[in-house]
Every structure is written in C-alpha cells, then in structure tokens.
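To keep things clear, I will list the structure first and then write my remarks on it.
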Amino acid sequence: PLPTEKAMVCFGSMFIELPKAKTREMLRQDQEELDDEINKLRKDLRVKVNRLYEAQGKPELKGFNLNPMSAEEMKLINRILEG
C-alpha cells in the first residue's frame, strides 16, 4: 500500500480519515489490550470458580486450569498433522 492511502475509521458516531499505517497500529494496540484483559478475566474466573467449589465442599475441577494453545503452537500442531 502507498503511504498516502487513508482509511475511514469510526470513533463513536463520527468517521475520521486516517493514514492506513496509523489505523493498523491503533487496531493492533487495541487488540493487544483486549487480549490482555480477556486473559486477566479468565485467570480471575478460575480463582473464583475454585473458591466457589471449595465453599460448596466439592472437589476442585479437573482440567479447569488448562491454558489455550498459542497461535504458534497451533501452527506447529497443524504442520505435524499435515505430514
């Protein structure tokens, strides 16, 4: 893409024309922040569920503390499965 190309971005009820590179960087940063917040909420949820089960006198859930595979791990698994 040419450096002079622009993209329309919606902020609330307003559209603003910004350079594509700037827009891409803003979206990348927003996605990183959202991923961090999602991971924090997942971690907190695990702790809260374990406390709930403990309060109910139930054993801890097995497999509940598993972590999802990263994109890199998924690529490696797919390569192995494809041969």
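Descriptive notes on the structure:
- Cα→Cβ-extended label distance, 7 Å offset, between Arg28 and Phe11, nm: 2.0 nm
- From phi via Karplus (6.51, -1.76, 1.60), per-residue ³J(HN,Hα) for region 7-21 in Hz, x at Gly/Pro: 10, 8, 10, 9, 10, x, 10, 10, 9, 10, 8, 10, x, 4, 4
- Under 23 Å from the Cα of Lys6 - lysines, other chains or at least 8 residues apart: Lys20, Lys22
- Label positions at Ile38 and Glu60, each projected 7 Å from the Cα along the C-beta direction, are separated by 2.6 nm.
- Computed [θ] at 222 nm, helices only, for the chain once each DSSP H run of length n ≥ 4 contributes -39500 (n - 2.57): -20500 deg cm²/dmol
- Cα gyration tensor shape of region 38-83, rounded if a/c is under 1.5, else prolate or oblate by comparing a/b with b/c: oblate
- Filtered GluC sites (Glu not before Pro), region 1-69: DSSP coil and at most 11 other beta carbons within 10 Å: Glu5, Glu60
- Rounded percent of accessible protein surface that carbon and sulfur make up, the chain, 1.4 Å probe: 58 percent
- Dipole axis of region 1-62 (+1 Lys, Arg; -1 Asp, Glu on Cβ), positive-most option in Thr23, Ala55, Asn39: Ala55
- Cut-off under 5 Å, modelled amide H: who pairs with Ala7 long-range: Leu18, Lys20
- Among the listed options [x] 32, 29, 21; [y] 53, 24, 21; [z] 62, 45, 14, the one matching Cα extents along the principal axes in Å as calculated from these coordinates is [z].
- Accessible area per residue in Å² at 1.4 Å probe, computed on the chain: 93 Å²
The values are calculated or read from the model by the stated rules, or taken from the named source; none is laboratory data. Computed from a predicted model, the values in this text were never measured in an experiment. Note: ideal-geometry Cβ built from the backbone for every residue, glycine included; neighbour counts use all protein chains shown. The accessibility values were calculated without ligands, DNA or RNA, using every heavy atom of the protein model including side chains. Shrake-Rupley method; radii C 1.70, N 1.55, O 1.52, S 1.80 Å.
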